[in-house]
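Structure record follows, encoded as C-alpha cells.
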Amino acid sequence: MIVKRLHDAGVTSEHAYLAATASIGLSLVSWLTSSRTENLERADRWGIFVGEWAPTFFALGLALAHYEQQDGDRKPTGA
C-alpha cells in the first residue's frame, strides 16, 4: 500500500536509490563536520543516525522497482 502510494505520487526506484546514496554521503559529511566541532562520541552518533537511512531507502527502491516491473507487466503491449 505504501509502495503504491509512493508510485502514484511520482516517486520511482531511481529516486529512492539516489536518496540512499545521498544518505551515505551525508553521513560521511555529517561525521566529518561534527567531529571537528564537537566531541567524537556526538560526531559518531550523527554519522550513524544519518547512515541508518540508507538501508531504508534501498529497501524502498527495491520495492518500487518490483512494483514498477509488475505495473509494466500489467499494462497491455501494443495498440
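Compared with the dominant Cα axis of the chain, that is its longest principal axis, helix 53-74 is turned about 10°.
What is the Å³ per residue value for the convex hull set by the Cα atoms of the chain? Please list the in-between numbers first.
Numbers: hull volume 6.9 nm³, N = 79.
Per residue, the Cα convex hull of the chain comes to 87 Å³.
Electrostatic tally near residue 20: other residues with Cβ closer than 13 Å to its Cβ, Lys and Arg +1, Asp and Glu -1, net -2.
Which percent of the accessible area of the chain is formed by carbon and sulfur heavy atoms (probe 1.4 angstrom)?
Here carbon and sulfur together make up 65 percent of the probe-accessible area.
Annotation: per residue accessible area for the chain equals 74 Å², rounded to a whole number [probe 1.4 Å, protein chains only]. The accessible area of residue 15, taken with all protein chains in place and a 1.4 Å probe, comes to roughly 90 Å².
Of 12, 37, the order by accessible heavy-atom surface (1.4 Å probe, DNA, RNA and ligands excluded), from most exposed downward, is 37, 12.
Protection proxy ranking, highest mean first, for peptides 41-52, 20-31: 20-31, 41-52, where packing is the per-residue count of other beta-carbon atoms within 10 Å, averaged.
The values are calculated or read from the model by the stated rules, or taken from the named source; none is laboratory data. Given the structure is predicted, the values throughout are model-derived calculations rather than measurements. Glycine gets a Cβ as well: all are built from the backbone with ideal geometry, and neighbour counts include every protein chain shown. The protein model used for the area step is the full one, side chains on, heavy atoms only, and it has no ligands, DNA or RNA in it. Shrake-Rupley method; radii C 1.70, N 1.55, O 1.52, S 1.80 Å.
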